[in-house]
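Working notes, beginning with the structure itself.
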Amino acid sequence: MDPLKELFRDVATQSYAEVRAMLKEYGDTKIDEVKLSQAYGGMRGIKSMIWETSNLDPQEGIRFRGYTIPELQEKLPKGDGKEPLPEGLFWLMLTGKLPNETNVRWLTQEWHNRSGLPKQTRKVLDAMPASTHPMALFSMGITSMSEDSVFAKRYAAGMRKSEYWDAYYEDAMTLIARLPHLAAYIYRKVFKKNKHIEPDTSLDWASNFAHMLGFDDPDFFNLMRLYLTIHADHEGGNASAHTVHLVGSTLSSPYLALASGMNALAGPLHGRANQEVIEWIFNLVGYLGTDRPDKEQIRTFVQKTIDSGRVIPGYGHAVLRRPDPRFIAQMEFAKKYIKDDPIVHIVWKLYEVVPDVLKSLGKVKNPWPNVDAHSGAILVHYGLKEYAFYTVLFGVSRALGVLAAGAWSRALGMPLERPKSLTTEQVKRDILKIT
Ligand SMILES: CC(C)(COP(=O)(O)OP(=O)(O)OC[C@H]1O[C@@H](n2cnc3c(N)ncnc32)[C@H](O)[C@@H]1OP(=O)(O)O)[C@@H](O)C(=O)NCCC(=O)NCCS
């Protein structure tokens, strides 16, 4: 058994026993009450699922296994001494233990060993029209690999429930190894005339991904290490994570569950906001006729967007009530590496202007920027200008969190997810007693 799987087994076996004992003694303890406004309002804030890999505080932002992003930047093994390697975060999310350099080097190699793309996946992608959105291709690509699912094969052969975590782990590892190859294949097919680039197995997971996309600047490697770390997980209730959790609970294979989650990530209120943001910023530049607008000009454009009935992309959040630490981490990166970029300056001016405009509307619960407000400007700076691809980058990263969490769901023996729904008629008749 490989060292990561062995550690995961030991930690998860102990946790399983603890959770069973806790449920036996405290199973009837109430953790929440649900209001009618929550049932009609997207289930905001209802505590109703367990997600081990990260937790989101409205004020403080995300913690991965208890560590903030600045703490991860300090404690996780780094590529060339600058940004954390996503391999380390995956190790941490799966086991709850900080990895050392040797652990991370092993994981990089293991993912290289499991990487590549099945022939049928290339065929499926090649058969699609060039106009297909990269997120649709990404989802199809993942689905097209589901034939290789160890979980599905072993389930069909009569796998015991106590072994689900093991088979899930195998699929999670292979999927994560393959996703940069799939994403790079899509990028080069759609935007680079089908000219593909061979992987470089001397590189870490994020850098090799950058390399296969066609970017070999060491600063871009660092950007990818940071990007793929900070987008990885945002507790369990967000749409992509929750979808993977829900579909996984049917014992559908991790491949199909992940593809479902990617379909959720493709929505403009969720992951696609990173594409919307940069398109909107370039609309702003076009409308104002300058890439160095002042704050008053920016305010005019922001107001125009609001007046036309649209949301300001990259601002607001269903849980956060402060600037997103993932936005701040990217701002710090940009200050360090590309502080003179005009589009980055627009992002920073928007940060000074938009919150006041949104506050003045009197209904927006969080006027602050989220993760998507910054990423596009940095990618554009390094030459990755195909906005429609941005959500795929997010998806490659998000796989780390949702698959680590999915392995935990199987290790803890979680059942089919099945909340109760009501009709409005029932609400009026049985709850409010107003008919
Ligand atoms: C993320 C988002 C979907 C959260 O939605 P939510 O939890 O329902 O947010 P709120 O409770 O603050 O929404 C209350 C009102 O403010 C509006 N609002 C929220 N964010 C807004 C924004 N960025 N610009 C304009 N209006 C906004 C909502 O549309 C809603 O209006 P309504 O009552 O007329 O329908 C929302 O903030 C949004 O659409 N943001 C832009 C898209 C984005 O950046 N998504 C990525 C999220 S990580």
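The values are calculated or read from the model by the stated rules, or taken from the named source; none is laboratory data. If you're wondering where the values come from, they're calculated on a predicted model, not measured in any experiment. Please note: Cβ atoms are built from the backbone with ideal geometry, for glycine as well, and neighbour counts cover all protein chains shown.
Scan region 300-321 and give yes if some residue there is in contact with an Asp or Glu (Cβ under 7 Å, 6 or more places away or on another chain), within 12 Å of the ligand (Cβ to nearest atom) and at positive phi, otherwise no. The answer is yes; a qualifying residue exists.
The residues of region 45-93 that are buried (at least 18 other Cβ atoms within 10 Å of the Cβ) and among the polar types (S, T, N, Q), listed by number, are Thr53, Ser54, Gln73. Restricting to region 280-301, name every residue that is surrounded by 15 or more Cβ atoms within 10 Å (Cβ to Cβ) and among the acidic types (Asp, Glu). Across region 280-301, the qualifying residue is only Asp291.
Here the condition is being β-branched (Val, Ile, Thr), assigned to a helix (DSSP H, G or I) and in contact with a Pro (Cβ under 9 Å, 6 or more places away or on another chain); of Val244, Val311, it holds for Val244 alone.
When each of Leu258, Leu203 is tested for being modelled with pLDDT of 95 or more, in the same structural domain as Gly406 (by TED's automatic domain parsing) and either in a helix (DSSP H, G or I) or hydroxyl-bearing (Ser, Thr, Tyr) (or both), the lone residue that passes is Leu258.
Suppose we filter Leu350, Leu393 for residues that are closer than 30 Å to Trp111 by Cα, within 16 Å of the ligand (Cβ to nearest atom) and crowded, with 24+ Cβ neighbours inside 10 Å; which single one remains?
On the way: Leu350 fails: closer than 30 Å to Trp111 by Cα.
Going through Leu350, Leu393 in turn, just one is closer than 30 Å to Trp111 by Cα, within 16 Å of the ligand (Cβ to nearest atom) and crowded, with 24+ Cβ neighbours inside 10 Å: Leu393.
Scanning region 353-368 for residues that are surrounded by 14 or more Cβ atoms within 10 Å (Cβ to Cβ) and under 24 Å from the mean Cα position of the chain (by Cα), which turns out nearest to the ligand (Cβ to nearest atom)? Top of the filtered list is Val364. Candidates Leu379, Leu384, Leu400: the one that is away from the ligand (no atom under 16 Å from the Cβ), not in a helix (DSSP H, G or I) and not charged (D, E, K, R) is Leu384. Candidates in region 384-435 are the residues that are polar (S, T, N, Q) and within 12 Å of the chain's Cα centre (by Cα); of these, the one that is nearest to Arg9 (Cα to Cα) is Ser397. Note on region 36-68: residues that are closer than 15 Å to Ala405 by Cα and not assigned by TED's automatic domain parsing to the domain that holds Leu403 total 0. Screening Ile50, Ile46, Ile31, Ile62 for residues that are touching a helix residue (DSSP H, G or I) at 6+ places or on another chain (Cβ under 9 Å), of a type in the set (Val, Ile, Thr) and without any contact (Cβ under 8 Å) to a residue 24 or more places away in the chain leaves exactly one candidate, Ile46.
Is it the case, given these coordinates, that Asp10 is in a loop (DSSP other than H, G, I, E, B) and farther than 27 Å from Ser421 by Cβ?
Values: in a loop (DSSP other than H, G, I, E, B): no; farther than 27 Å from Ser421 by Cβ: yes.
No, not satisfied.
Checking Glu296, Glu276 one by one, the residue that is assigned to a helix (DSSP H, G or I), within 10 Å of the ligand (Cβ to nearest atom) and modelled with pLDDT of 95 or more is Glu276 and no other.
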